[in-house]
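Working notes, structure below.
The values are calculated or read from the model by the stated rules, or taken from the named source; none is laboratory data. Predicted, not measured: the structure shown is a model, and the values here were computed from it. A quick note on method: Cβ atoms are made from the backbone with ideal geometry, for glycine too, and the neighbour counts reach across all protein chains shown. What goes into the accessible areas is simple: the full protein's heavy atoms, side chains included, and nothing from ligands, DNA or RNA. Shrake-Rupley method; radii C 1.70, N 1.55, O 1.52, S 1.80 Å.
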Amino acid sequence: MKTQINKAVKQEKQSLIDNASVLFERHKKKMLYIIIITGTFISLLLFDTKVSLSGDDCDYIIAAGNFWKHFTYPGHHGALYPIVLSPFVGLFGLNLFLLKFLSTVFIVASLWFFYKSFENKIPAIVLIPALFFVCINPHVLFFASYTYSEPLFMLFQAIFFFLFSRYFWTDNPITGSIKQDWKKYLFMALVILCLGLTRTIGFSAIGVIVLYLAIQRKWKNLLYMAGAFAIVYVTFGLMKSIIWSDAAPVQSFQTLLAKNPYNTEQGMEDIPGLIKRFTDNSHIYLSGFLYKYLGFRSSSDLPAKPVPVLSWLAYILFFICIVSVFRKNKPLLFTGLYAGIMLFATFILLHKIWGQDRMIMVYYPYILLFLLGGFYWIFERKKIRKISFLFPVLLIGLLIGNLIHAKERIALNIPVLQQNIAGNDLYGLTPDWENFVKMSRWADRNLPKNAVIVSRKPSISYVYTGREFLGIFNVPFETADNVLQAYNNDKANLDYVTMDLSRGALTDLAPYMKYVIFTQNEGKFFINNREVRSAGVYAINRQMVNQDFTNWLDLDSTNYTVDFENYIKQYQNADGRSFNIISPDVLYNFLISSKVNYMLLPRIRLYTPQNTGQYVNTIHQYISFINLKYPGSFKLVHTIGKDEVCELVEFLPQQK
């Protein structure tokens with residue numbers, strides 16, 4: 001007997017993971033408070049008083065103001081977040097610090113519910129480290145000072161888990177009796193609705209519940225849960241249609257499943273295309289963002305180069321962890337299913353060009369918890385308990401990576417935060433953005449209050465001035481089919497003369513310009529068997545297109561054709577992504593109908609960290625296309641900056 005006891009004691013001493021488990025269980029309450037306080041403190045050290053360069057956070061603020069002032073239902077983005085913000089915008093105005101601090105509150109509250117959801121349901125040695133690593137993660141806490149919807153989504157997500165734990169992971173779980181528990185089903189459904197109204201992908205949570213209950217063979221619970229969600233969703237839809245019958249449509253599945261989200265006429269993605277999208281997004285979000293969040297890749301803001309082998313390793317570990325927890329721990333199984341389904345939906349629905357770490361950030365706490373839980377149960381197996389010391393080693397590795405990232409980000413942010421608090425609110429912006437904001441403020445102060453001013457980022461201009469700006473986000477394109485239809489309508493009286501613009505447009509023909517066509521990517525198009533990168537199409541009275549006219553073009557050595565029908569067929573048979581067709585009249589008439597007076601011309605970098613000379617030139621292109629047909633339509637009014645300048649031009653409509 002004494003020998004057996006000694007062996008047991010010796011085995012216990014050798015099991016570092018067991019000793020650590022006892023320590024975490026004993027002090028988990030104290031650890032919780034220390035972790036929450038630490039996370040709040042770090043989030044304040046990482047606080048950013050400026051708006052994001054994407055402008056999406058500004059859009060939420062504007063939508064909140066419109067909801068408060070005009071009761072306008074927020075469209076396009078998740079509607080619930082602007083609604084939650086609206087009282088604060090209405091009562092305190094554009095108080096960026098207050099609005100940003102709300103995100104801090106949401107994230108800290110979500111971490112509290114995160115802990116309470118799994119308390120006493122999974123080992124503390126899994127829960128406490130997961131909570132701690134999230135609370136010191138600078139990539140998560142970055143969003144604690146931005147008015148994005150992610151912090152509110154994280155709060156609803158944590159409440160979703162909290163309710164599910166109270167209803168299904170207790171000694172007295174929710175029953176199959178609808179009479180007894182109908183309020184609980186409806187409450188869960190309401191939280192899922194809140195998730196979906198904050199971020200559309202949140203509706204996928206109902207699929208997680210359905211799959212989990214099916215695995216548990218709780219068919220009545222599954223039926224009642226699906227029915228409750230259907231009732232809540234339909235009821236909300238009816239209320240919305242009555243109260244906000246003219247609400248702007250949210251992003252449709254047609255846009256999400258299109259080959260080009262900004263030009264759905266290019267068609268829908270086929271099965272091979274969706275598989276490629278899933279694969280590409282897996283590499284972007286898993287090998288790039290997830291490993292950075294774990295602390296195993298650089299903390300730089302630059303997108304990490306995808307490493308496919310890391311993505312496949314993540315999938316292998318995920319399935320190993322699913323197997324290890326399947327019969328061991330229901331909360332971890334549910335967490336794994338949730339993370340898996342949410343990531344699957346994200347990788348299928350999001351276009352590759354939208355790759356941003358915030359798309360995966362909201363799920364990171366649950367991904368981390370699930371992976372740690374999976375490894376814990378792996379090392380609990382008798383056959384490999386001898387190497388269970390690897391689990392604490394893993395925790396130490398995560399700790400070191402997260403601390404290094406936190407130190408780097410805090411060191412970078414502190415000098416900027418000090419300047420911002422001291423009153424230099426633009427400190428930390430690159431010159432291109434600083435000049436843009438300064439020009440927005442100059443325009444607000446110096447131009448007539450009723451003047452219509454175009455801005456590439458109208459939401460950012462608004463937040464920094466309180467003045468409405470008109471946004472132009474892209475140059476509208478024409479399709480080859482529509483152009484050919486226009487030609488067929490005009491060909492009785494007009495000839496469409498197409499010319500190579502490589503040497504510039506002929507100013508004498510400017511009034512006749514109908515379209516500008518330029519090649520994108522690897523497209524190849526020809527006039528007289530000579531490749532052209534850009535071409536001008538001129539609609540000229542047929543009587544003018546005579547021998548003298550063609551002799552004039554030949555004398556100028558212009559590469560042209562009057563056989564427009566055969567020329568445009570090249571584009572009808574080509575991939576729509578290989579060319580763009582622009583109508584200067586469409587652009588010009590939009591400015592006229594919108595009563596535009598001025599336009600901001602910033603040189604916003606394509607590559608934010610460094611000035612490479614390349615910049616977002618949407619407004620510049622807009623003006624250049626109009627100038628091809630209506631020269632002299634714009635006059636320079638003011639310039640700010642020496643490098644990466646921002647210009648302000650006045651629009652001067654011409655007599656047609």
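Only residues that are modelled with pLDDT under 90, within 52 Å of the chain's Cα centre (by Cα) and not small (Gly, Ala, Ser) were counted across segment 551-564, and they come to 4. When segment 509-523 is filtered for residues that are in contact with a strand residue (DSSP E or B) (Cβ under 7 Å, 6 or more places away or on another chain) and either surrounded by fewer than 19 Cβ atoms within 10 Å (Cβ to Cβ) or part of a helix (DSSP H, G or I) (or both), the ones remaining, listed by number, are LEU509, TYR512, PHE518, THR519, GLN520, GLY523.
In segment 382-404, the residue that is least open to solvent (accessible area, probe 1.4 Å) out of those that are out of contact with any Phe, Trp or Tyr (no Cβ under 9 Å at 6 or more places or on another chain) and either polar (S, T, N, Q) or modelled with pLDDT of 85 or more (or both) is PRO392.
Given the structure, is TRP244 touching a Ser or Thr at 6+ places or on another chain (Cβ under 9 Å), of a type in the set (A, V, I, L, M, F, W, C) and over 30 Å from ILE353 (Cα atoms)? In short, yes. Determine, yes or no, whether MET239 is surrounded by fewer than 19 Cβ atoms within 10 Å (Cβ to Cβ) and either of a type in the set (Asp, Glu) or farther than 19 Å from LEU332 by Cα (or both). When the stated conditions are applied, MET239 passes them.
If you take the residues in segment 591-615 that are within 27 Å of SER502 (Cα to Cα) and open to solvent by 40 Å² or more (accessible area, probe 1.4 Å), which one is nearest to the chain's Cα centre (by Cα)? Full working, then the answer.
Initially, segment 591-615 is screened for residues within 27 Å of SER502 (Cα to Cα), giving 601-606, 612-615.
Add one more test, that the residue is open to solvent by 40 Å² or more (accessible area, probe 1.4 Å), and what stays is 603, 606, 612-615.
Values: ARG603: 22, LEU606: 17, THR612: 24, GLY613: 26, GLN614: 23, TYR615: 21 Å.
Checked segment 591-615; the qualifying residue nearest to the chain's Cα centre (by Cα) is LEU606.
I'd like to check something: does segment 418-427 contain any residue that is at pLDDT below 95, aliphatic (A, V, I, L, M) and exposed (fewer than 15 other Cβ atoms within 10 Å of the Cβ)? Yes: one or more hits.
Quick check on ASN435: is it of a type outside the set (Lys, Arg) and free of Cβ contacts under 8 Å to residues at least 12 places away in the same chain?
On the way: of a type outside the set (Lys, Arg): yes; free of Cβ contacts under 8 Å to residues at least 12 places away in the same chain: no.
Spelling it out, it is not the case that ASN435 is of a type outside the set (Lys, Arg) and free of Cβ contacts under 8 Å to residues at least 12 places away in the same chain.
Residues that are closer than 30 Å to GLU434 by Cβ, at pLDDT 90 or above, of a type outside the set (A, V, I, L, M) and out of contact with any Gly (no Cβ under 9 Å at 6 or more places or on another chain) are absent from segment 572-583 altogether.
Is it the case that segment 491-508 has a residue that's open to solvent by less than 80 Å² (accessible area, probe 1.4 Å), at negative phi and assigned to a helix (DSSP H, G or I)? Scanning segment 491-508, I find no residue that is open to solvent by less than 80 Å² (accessible area, probe 1.4 Å), at negative phi and assigned to a helix (DSSP H, G or I), so the answer is no. State whether the residues of segment 455-467 include one that is buried (at least 21 other Cβ atoms within 10 Å of the Cβ) and assigned to a strand (DSSP E or B). Within segment 455-467, one or more residues are buried (at least 21 other Cβ atoms within 10 Å of the Cβ) and assigned to a strand (DSSP E or B).
This table checks each residue for (1) among the small types (Gly, Ala, Ser); (2) closer than 30 Å to TRP433 by Cα.
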site	(1), (2)
PRO476	no, yes
GLY523	yes, no
ASN528	no, no
SER534	yes, no
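Pairs are defined by a Cβ separation below 7 Å, a sequence spacing of at least 6 or placement on different chains, a first member in segment 346-369 that is modelled with pLDDT of 90 or more, and a second member that is among the basic types (Lys, Arg) and surrounded by fewer than 20 Cβ atoms within 10 Å (Cβ to Cβ); the pairs so defined are ILE348/ARG277. Residues that are aliphatic (A, V, I, L, M), open to solvent by less than 50 Å² (accessible area, probe 1.4 Å) and either in contact (Cβ under 8 Å) with a residue 60 or more places away in the chain or touching a strand residue (DSSP E or B) at 6+ places or on another chain (Cβ under 6 Å) (or both) within segment 287-323 comprise LEU290, LEU294, listed in sequence order.
Among the residues making up segment 123-181, those that are more than 21 Å from ILE410 (Cβ to Cβ), among the β-branched types (Val, Ile, Thr) and open to solvent by less than 10 Å² (accessible area, probe 1.4 Å) are ILE125, VAL126, ILE128, THR147. Contact map, segment 399-419: residues that are within 21 Å of PRO365 (Cα to Cα) paired with residues that are open to solvent by 60 Å² or more (accessible area, probe 1.4 Å), Cβ distance under 6 Å, separation 6+ or inter-chain. Pairs shown: GLY401/PHE296.
Here PHE71 fulfils each of the conditions (1) open to solvent by less than 70 Å² (accessible area, probe 1.4 Å); (2) of a type in the set (A, V, I, L, M, F, W, C); (3) over 19 Å from ALA144 (Cβ atoms) apart from (1). Selection within segment 353-381: residues that are of a type outside the set (Gly, Ala, Ser) and more than 26 Å from the chain's Cα centre (by Cα). The member of this set that is least open to solvent (accessible area, probe 1.4 Å) is LEU372.
Any residue at all in segment 106-116 that's under 22 Å from the mean Cα position of the chain (by Cα), within 24 Å of ALA158 (Cα to Cα), at pLDDT below 95 and not aliphatic (A, V, I, L, M)? The answer is no, given that none of the residues of segment 106-116 is under 22 Å from the mean Cα position of the chain (by Cα), within 24 Å of ALA158 (Cα to Cα), at pLDDT below 95 and not aliphatic (A, V, I, L, M).
Applying the criterion of at least 2 residues that are in contact with a Leu (Cβ under 6 Å, 6 or more places away or on another chain) and closer than 26 Å to LEU349 by Cβ to the helices (runs of 4 or more DSSP H) found wholly in segment 115-223 leaves 178-198, 205-215. Just one of (1) among the aromatic types (Phe, Trp, Tyr); (2) out of contact with any strand residue (DSSP E or B) (no Cβ under 8 Å at 6 or more places or on another chain); (3) outside any helix (DSSP H, G or I); (4) modelled with pLDDT of 90 or more fails for PHE526. It is (2).
How many of the residues in segment 235-248 are part of a helix (DSSP H, G or I), of a type outside the set (Phe, Trp, Tyr) and farther than 21 Å from LYS179 by Cα? Residues in segment 235-248 being part of a helix (DSSP H, G or I), of a type outside the set (Phe, Trp, Tyr) and farther than 21 Å from LYS179 by Cα: 7 in total. Taking residues in segment 79-96 that are part of a loop (DSSP other than H, G, I, E, B), and partners anywhere that are among the charged types (D, E, K, R) and open to solvent by less than 50 Å² (accessible area, probe 1.4 Å), not one pair has Cβ atoms closer than 8 Å while being at least 6 places apart or on different chains.
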